[in-house]
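Structure first, commentary second.
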Amino acid sequence: MKKLVAEFTPESHLKGNKYFRVIHGKTDRVHSVGLHKHDFIEIIWITSGSGTLIADAKTRYFSQNFLYISNPYDVHVLEPDKNTNMTFTEIVVARSVMENFKSIFLAEESEELKTKFGGVSMKLSPFEISYLERAASELAWQNDSLFSIYRFLTNLYWQIKNVFSSAIPGDIPDWLYEACQRIRDPENLPHGLSKFREICGKDMSYVNRTVRKYLNCTPTEFINDARLRYAKWLLETSSFSAGEISEMCGFSDVAYFCRKFKRKYDETPSGFRKASKTDDDDFTFQNAPSKAPKKAGKTA
């Protein structure tokens, strides 16, 4: 078996860089590298195509918007389906960079979440993938900057933590899973219940029953929870005011938004932002929307 597993060196993928390298790739089953392992870390997400991930002696089907983060020396392969092409974006990260990042930036996080930041595979929403694509494009221009890769990893970790904390049950009907993912898109979120009803395309009484059955809440509660999670991300990664964030998330009243936020996170928006600041405020991406959208209607 050992002869069937290729082993790559950092030099083969970092190409002379010390900290990281951004790769946009395309492959098919014929040109797949097969089972392999390496000392460096791969952060890879699928932009088109489908296939099978084999990692840590487990097999999982993948498709578009799938994310995988390797652990050092994990034997793994992303094998495209027969007669299909797979396109992907990959961030190759030196092992020492990831180890230092975990020890410094994740020092106060739980061991469970630290572990999930390596050897993890998950399906992301189109919005989350588009965010990673923008972040990777920005990273590619940073000339192997240690500061930049730490900033990227910080934001990626936040996304993964948020996905685990807001996971949607695996047995949920496909139409409802799609609606729950799409309503989280910042373009849909401000429109609330009316947009959710449109996306579902079903009788609202049936939607209400199904949401209660699988998510144990009402559609309005699910949407407001998604709005608050997005507000939390904006407070951590942008300089928008609480009023602007309230509008962007679809809350019609700032005071109501602040009350809902405090009820969920046990802090006011301003208090949360102050507590989440690092010693260096530059450890955030500056590619959030350039301005707040027009004021949305009433909350769902």
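Here the 3J(HN,Hα) profile of the range 72-81, calculated from phi with Karplus coefficients 6.51, -1.76 and 1.60 at θ = phi - 60°, is x, 6, 5, 7, 7, 6, 9, 9, x, 4 Hz, Gly and Pro shown as x.
What is the distance in Å between the Cα centroid of the range 71-99 and that of the range 237-264? So the separation of the two Cα centres works out to 38 Å. Working from label points 7 Å from Cα in the Cα-to-Cβ sense, the SER12 to GLN64 distance is 3.1 nm. Annotation: extensible slack from LYS262 through ASP56 equals 70.1 nm (criterion: 0.36 nm per residue apart, minus Cα-Cα distance). Were the residues from ASN85 through GLU99 laid out at 0.36 nm apart, the gain over their Cα-Cα distance would be 1.7 nm. Toward the positive end of the charge dipole of the chain, with +1 on the Cβ of Lys and Arg and -1 on the Cβ of Asp and Glu, the farthest Cα among SER205, PHE20, TRP158 is that of SER205.
The gain in end-to-end length when the ALA140 to TYR214 segment is fully stretched comes to 22.6 nm, 0.36 nm per residue minus the alpha carbon separation. In the chain, the C-alpha radius of gyration followed by the widest Cα-Cα span (Dmax) gives 20.4, 64 angstrom. Helix content alone sets the calculated 222 nm mean residue ellipticity of the chain: runs of n ≥ 4 DSSP H residues at -39500 (n - 2.57) each, divided across all residues, give -13500 deg cm²/dmol.
Here the spin labels are modelled as points 7 Å beyond Cα on the Cα-Cβ line, and at GLU112 and SER276 they lie 2.1 nm apart.
A cut-off under 11 angstrom between Cβ atoms defines the neighbours of ASP144, and their net charge, with Lys, Arg +1 and Asp, Glu -1, is +3. If the cut-off is 20 Å between C-alpha atoms, which aspartates and glutamates fall inside it for LYS262, apart from same-chain ones fewer than 8 positions away? Cross-link targets: GLU221, ASP225, GLU236, GLU244, GLU247, ASP253.
Highest mean first, what order results for 179-191, 235-247, 53-65 on Cβ atoms within 10 Å? Each step should come with its number before you reach the end.
Working: 179-191: 20.2, 235-247: 18.7, 53-65: 14.5.
Per-residue Cβ counts within 10 Å, averaged per peptide and sorted highest first, yield 179-191, 235-247, 53-65.
Neighbour counting of Cβ atoms within 10 Å sorts the residues THR218, THR115, fewest neighbours leading, into THR115, THR218.
Any of LYS114/LYS260; LYS18/LYS123; LYS18/LYS82; LYS123/LYS232 with alpha carbons more than 25 Å apart? Name them for me.
Working: LYS114/LYS260 29 Å; LYS18/LYS123 30 Å; LYS18/LYS82 36 Å; LYS123/LYS232 21 Å.
As for pairs spanning more than 25 Å Cα to Cα, those are LYS114/LYS260; LYS18/LYS123; LYS18/LYS82.
Residues in the range 190-225, backbone N under 15 Å from the label point at GLU178 (7 Å along the Cα-to-beta-carbon vector): list them, ranges by number please. Residues passing the 15 Å test: 196-203. Placing one identical point scatterer on every Cα of the range 114-245 and ignoring solvent, what is log10 I(q)/I(0) from the Debye formula at q = 0.14, 0.21 Å⁻¹? Rounded to two decimals, the profile gives -0.72, -1.33. For the pair the range 7-67 and the range 205-229, the centres of their Cα atoms are 36 angstrom apart.
Every read-out reported here was derived from the displayed coordinates using simple, explicitly stated rules and does not represent laboratory data. None of the values given here were measured: they were computed from a predicted structure. Quick reminder, even Gly has a Cβ in these numbers, built from the backbone with ideal geometry, and neighbours come from all protein chains shown.
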